[in-house]
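Following: one structure in structure tokens, then a few remarks.
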2 protein chains.
Amino acid sequence: MKRPSSNARDRILTAANKLFYAEGIRAVSLDTIAAKAGITKKTVYYHFKSKDDLIEAYLVSRDQPNLELFRTWFEAADGALPDKVQVIFQNIAASARHPKWKGCGFLRTAAELANMPGHPAMKVGAAHKKKFEAWMAEEFQAEGAEMAPDMACDLARHVVLLLDGAFSTILVHRDAAYAEAAGEAARVLVAGAVGRASQRA
Amino acid sequence: MKRPSSNARDRILTAANKLFYAEGIRAVSLDTIAAKAGITKKTVYYHFKSKDDLIEAYLVSRDQPNLELFRTWFEAADGALPDKVQVIFQNIAASARHPKWKGCGFLRTAAELANMPGHPAMKVGAAHKKKFEAWMAEEFQAEGAEMAPDMACDLARHVVLLLDGAFSTILVHRDAAYAEAAGEAARVLVAGAVGRASQRA
DNA sequence: CGAAGTATACTCACCAGTGAATATACTTCA
DNA sequence: TGAAGTATATTCACTGGTGAGTATACTTCG
């Protein structure tokens, strides 16, 4: 394999990741990214066909790691289902207290590209969020197998709404307490659904 | 009094409103805004000291009208408290189905300016969201005066989280159904809180 | 007149993307 | 084996265009 190729490509992606996340998509130029990666802009264009292409690659690179992080948090938590869900939000609160935290990269990119609904990066972002929602629904159904599929889907969606709401409001207020409030709300909703599910059984 | 002054200023603000909301902050240049307002860029700089200043004015101009809209929806709804809250979300769903809808201007601006936490526009955005949250809390306390202040505040925050979550997820998925799901969740949470409050009384 | 408001015409920096050349490694076959 | 050819990977220097912001002059009205 060509070592140089993947090397430069990786360095570009790493630089793009940091800069796009820290500063925003349109705020960062390819010159800046190239400089940070220690290569020439032309080399960026060798590995990515356009800035839009690089934006897409940036989100693609964040997809799995992000989902993995949520899974890790969820699985590491002990306790009942409502508590495990709440733990996700507590971890987000903790992350959000780091000064470099700037919200959810997918959400912020979607906000910036709201005028380009067909942009490839938008599709990646939507798919990422769908995966999270689907995973939550699975977990709800798996737990004791008492929850009906449509109930699990509704509940997963409610959790997603609280999660993305937390990302957004924390960014606006720079106050991680919103994640804890969202976690409380999620816990209440999940507990309620679990209660209804087991009652029906 | 100079007709021209207010006239030009208003035209600039109107153009900025449409363009910033439709395309995003950094995607729109002052040249474009000036052209849309039918004046020169220099005139823009006569009325606003910088682009940042205009961004701030853009959000200021949206503050009251937006809050007023929510109040109107809420007050026009009949039924119990949970239903009135849900109606806000239903109205958002309806708005979001219009093709020109591009999410919440405050949230999207906050996402774009996430790298400038001290930006005046960020403060305007945060204040706007706080006003909404405070208003919700008031409404919860006012309703029958059975809800304790801290409970009302917590509940208001949960509603805010669902609201901003709805704005964000609709934008990502281009699917207004998320607002309806958020409305359901909000109704459940409010009904639960109302139930606990009246039980305690 | 003179001040508020607007316009013309500019500066200077930056940005997405490109043309031409080069260096390095891999492949082929005499 | 090794020379010639080809694909990969990278650089330097550039273009056409646009960005925010400005110097200066014109206009209009109290």
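Can you list which of the trypsin sites (Lys or Arg not before Pro) found in the range B:1-89 are DSSP loop residues with at most 13 other C-beta atoms within 10 Å?
B:Lys2, B:Lys49
Divide by every residue of the protein assembly as shown the summed helix terms, -39500 (n - 2.57) for each DSSP H run of at least 4, and state the resulting mean residue ellipticity at 222 nm, rounded to the nearest 500 deg cm²/dmol. Write out the running numbers ahead of the final one.
Working: 18 runs with 316 residues, N = 402.
Using -39500 (n - 2.57) per qualifying helix, the result is -26500 deg cm²/dmol.
Send over the Kirkwood Rh of the protein assembly as shown, from the inverse of the averaged 1/r over different Cα pairs, rounded to one decimal Å.
Hydrodynamic radius (Kirkwood, Cα pairs) of the protein assembly as shown is 22.4 Å.
Taking the Cα centre as origin and putting +1 on Lys and Arg beta-carbons and -1 on Asp and Glu beta-carbons, what dipole magnitude results for chain B, to the nearest 20 debye?
Details: 27 positive and 23 negative charges, 243 e Å.
Computed charge dipole of chain B: roughly 1160 debye.
On a full-extension model of 0.36 nm per residue, what is the gain between B:Glu146 and B:Asp175, subtracting their alpha-carbon distance, rounded to one decimal in nm? Provide the component values of the computation, followed by the final result.
Numbers: separation 29, 0.36 × 29 = 10.44 nm, distance 3.65 nm.
Between B:Glu146 and B:Asp175, full extension yields an extra 6.8 nm.
Let's see if you can work this out: charge +1 on each Lys and Arg Cβ, -1 on each Asp and Glu Cβ, no other charges. What is the dipole magnitude of the protein assembly as shown about its Cα centre, in debye to the nearest 20?
Magnitude of the dipole: close to 2300 debye.
Within chain B, how many Lys pairs that are eight or more residues apart, or on different chains, come under 19 Å at the alpha-carbon?
Total qualifying Lys-Lys pairs in chain B comes to 17.
Taking all pairs of different Cα atoms in the range A:1-48, averaging 1/r and flipping that mean, what Kirkwood radius in angstroms comes out?
One decimal place: 10.6 Å for the Kirkwood radius.
What are the label-to-label distances in nm, one decimal and shortest first, from A:Lys41 to the same spot in the other copies, with labels 7 Å along Cα to Cβ?
Reported distances to equivalent positions: 1.9 nm.
As I understand it, the dipole of the range A:59-200 uses +1 on the Cβ of Lys and Arg and -1 on the Cβ of Asp and Glu, about the Cα centre. Which of A:Ala96, A:Ala76, A:Pro120 lies farthest toward its positive end?
A:Pro120
On a full-extension model of 0.36 nm per residue, what is the gain between B:Lys130 and B:Leu69, subtracting their alpha-carbon distance, rounded to one decimal in nm?
Full-extension gain reported as 20.4 nm.
Could you work out how far helix A:81-96 tilts from the main Cα principal axis of chain A, as a 0 to 90 degree angle to the nearest 10?
30 degrees
Return one number: the angle in degrees, 0 to 90 and rounded to the nearest 10, between the long axis of the Cα atoms of helix A:120-142 and the longest principal axis of the Cα atoms of chain A.
30 degrees
Would you mind getting the Kirkwood hydrodynamic radius of the range A:59-200 from its Cα pairs, rounded to one decimal in Å? Could you put the intermediate results ahead of the total?
Numbers: mean 1/r = 0.0640 Å⁻¹.
Value: 15.6 Å, from the Cα pair sum.
Which distances, shortest first and in nm, link B:Asn115 to the matching position in the other copies, using label points set 7 Å out along Cα to C-beta?
The projected label point of B:Asn115 is separated from its counterparts by 1.8 nm.
Compute the helix-to-body angle for B:149-173: its Cα long axis versus the longest principal axis of chain B, expressed 0 to 90° and rounded to tens.
Computed tilt is about 50 degrees.
State, to one decimal in nm and shortest first, how far the label point of A:Gly79 sits from each corresponding label point in the other identical copies (label point: 7 angstrom along Cα-to-Cβ).
3.3
Bear in mind these aren't lab numbers, they're just calculated from the coordinates by the rules spelled out. Everything numeric here is computed off the predicted structure, so don't read it as measured data. Glycine gets a Cβ as well: all are built from the backbone with ideal geometry, and neighbour counts include every protein chain shown.
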